[in-house]
Every structure is written in structure tokens, then in C-alpha cells.
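This report concerns only the one structure given below.
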Amino acid sequence: MENNSYPERSNAVIEKLANRLHSEYLKQNKYNPISLNLPVPVEEIAERFLGYEIDFSETGIFSDPDILGGIDFEKNKIYVNASVADHDGRYSFTVAHELGHHVLHRDHYLQSQSADDEKILCRMTGRKPQIEMEADRFAAALLIPSDHVSKAAAERVRKVRTIGQARAFANDLITKNGFSNVSNSAMINRLKDLDLLPSGIPYQGTKTRKTYGPPSTLTSLKKLISKYRRMILRNLKF
């Protein structure tokens, strides 16, 4: 299936859908949507709310460290490269990215798939496909709600002229506003998207993400250690 067969979503629509997913999760779990419940628990949204199983792998396609994640709509599985298991920011963004594919692209994929189609939606070399840019935008909107970060940034007005100052500003927002599962690079890129940083500050690079069917083999020990570590931390927060 060609990536360009997917209908394009505007940034405004993507923001709305990301906010809706978070709000629906909060309502089901009887949290007050106004409180936002930060940091946004994307792992819990994936597993408990949407019914996905998260698996880690470092074999097959995931032996390439530049391939961070994938999703299998039919098996309800999200795959994460084991190399990011201990990096909360990269892990959370990868899961949120795959949730973006679930919200934005799942229905079209399942409706359009024929018996001859490969079960792969892939980022090819060259220009980044629209669906990958959309999933990145969704992940950023889900993890870093615009209203909250805009208000926090306004309360910490400072002159930002260099990338070093931008990193310091992003770190300040992360540590003081409940974004503990967001990387510095993701925060900078989100601030850029919301025009909260000068145009001269460059976007920070991200690794390649692809959407695949299941890898040939899944690792177990690293998966369990990382999974229970996050479960323990999450329970301590609540």
C-alpha cells in the first residue's frame, strides 16, 4: 500500500484528535480532564485503554537502531526497539507515535488492505512520508498539550537566541511542569511547532520510525525488566 494513498490531516485536526484521545482516557478512568494528568501516560493509554500489547525487540528489523518502533493493527501490538527501553523520553515518544498511527491511519489501512498487500507501512529513504510526519505531530500533541505548554512558556519568558539557551529553556519546562517523560529534543520541536521559539532555532533530529508487522523474534528479559520498572514508577506516582 502506498503511503500517499492516505488522506492528509491538517495540524489542527491532528491536535484535536490527540486531545480527544487523552480526554477520553481521562474520563474512562474518572480523572478530571482539566487536570491533564501529566505526564501523559501513553503506555497505559496503549495497553489499558486501547488494548495494545507492547513488545520489545532487538532482532530482525529492530537490529537496526534507527528503527525505533512499529505497529500491527490486526494483532493489536506495538513494537519498540529494545535500545530505547531505558530512555523514557524516546520510549514515550515512540509509543505516542504509534498511537498516532492508530488514531490517524488504522481505519484507512484496514479498509484499503487487499489480500496481496504486504502488512507493512514503511518510511522509505528520501523525503519523510506524510503519515510519518502526521504521527510525529500527533505524538508531540499528545505528550505536550498545547494549552499547558503555552501557558508554562509564557510564565517563564526569557530571551532565547542560541540552541544552548533553547535546550535550557526546554529543560526548565520539562522539570517544572510535569513533562518527565518528554525528551529535550521533543520539547524543543514542540515549542518550534507552536511558534514559542525563534525561527533561527533549528529543529532537533529524530530517529527513523517505521510501521511494520511483527518482527521474527521478540526478546523477553529486557522487555519484562523495563515494563515492570515503569509499572512500579507509575504506581508510585498514583
Could you please find all residues in the range 25-72 being assigned to a loop (DSSP other than H, G, I, E, B) and modelled with pLDDT of 90 or more?
Pro39, Val40, Pro41, Leu50, Gly51, Tyr52
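Name the single residue that is farthest from Phe62 (Cα to Cα) among those in the range 73-106 being among the β-branched types (Val, Ile, Thr) and in a strand (DSSP E or B). Don't jump to the end; show me each part of the working.
Kept after step one, since they are among the β-branched types (Val, Ile, Thr), are these residues of the range 73-106: 78, 80, 84, 94-95, 103.
Those still in the list that are in a strand (DSSP E or B) too: 78, 80.
Numbers: Ile78: 13, Val80: 8 Å.
Among those that are among the β-branched types (Val, Ile, Thr) and in a strand (DSSP E or B), it is Ile78.
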I'm checking my understanding of the structure. Among residues of the range 139-178 that are part of a loop (DSSP other than H, G, I, E, B) and not basic (Lys, Arg), which one is surrounded by the fewest Cβ atoms within 10 Å (Cβ to Cβ)?
Val157
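Please specify each residue of the range 52-81 satisfying the condition of being among the hydrophobic types (A, V, I, L, M, F, W, C), touching a strand residue (DSSP E or B) at 6+ places or on another chain (Cβ under 7 Å), within 13 Å of His102 (Cβ to Cβ) and without any contact (Cβ under 8 Å) to a residue 40 or more places away in the chain.
Narrowing the range 52-81 to residues among the hydrophobic types (A, V, I, L, M, F, W, C): 54, 56, 61-62, 67-68, 71, 73, 78, 80.
Imposing the further condition that a residue be touching a strand residue (DSSP E or B) at 6+ places or on another chain (Cβ under 7 Å) reduces the set to 54, 56, 62, 67-68, 71, 78, 80.
If we keep only those that are within 13 Å of His102 (Cβ to Cβ) as well, we get 54, 71, 78.
Selection gives Ile78 alone.
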Please enumerate the residues belonging to the range 81-93 that are crowded, with 24+ Cβ neighbours inside 10 Å and farther than 19 Å from Tyr25 by Cα.
Asn81, Tyr91
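For the subset of the range 125-181 comprising residues that are of a type in the set (S, T, N, Q) and touching a residue at least 40 places away in the same chain (Cβ under 8 Å), which member is farthest from Pro39 (Cα to Cα)?
Only one residue tops the list, namely Gln130.
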Identify, by number, the condition in (1) in a helix (DSSP H, G or I); (2) among the hydrophobic types (A, V, I, L, M, F, W, C); (3) farther than 15 Å from Val40 by Cβ; (4) over 15 Å from the mean Cα position of the chain (by Cα) that Ile188 doesn't meet.
(4)
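The values are calculated or read from the model by the stated rules, or taken from the named source; none is laboratory data. Because the structure is a prediction, the values reported are computed rather than measured. For neighbour counting, all protein chains shown are included, and Cβ atoms are generated from backbone atoms with ideal geometry for every residue, glycine included.
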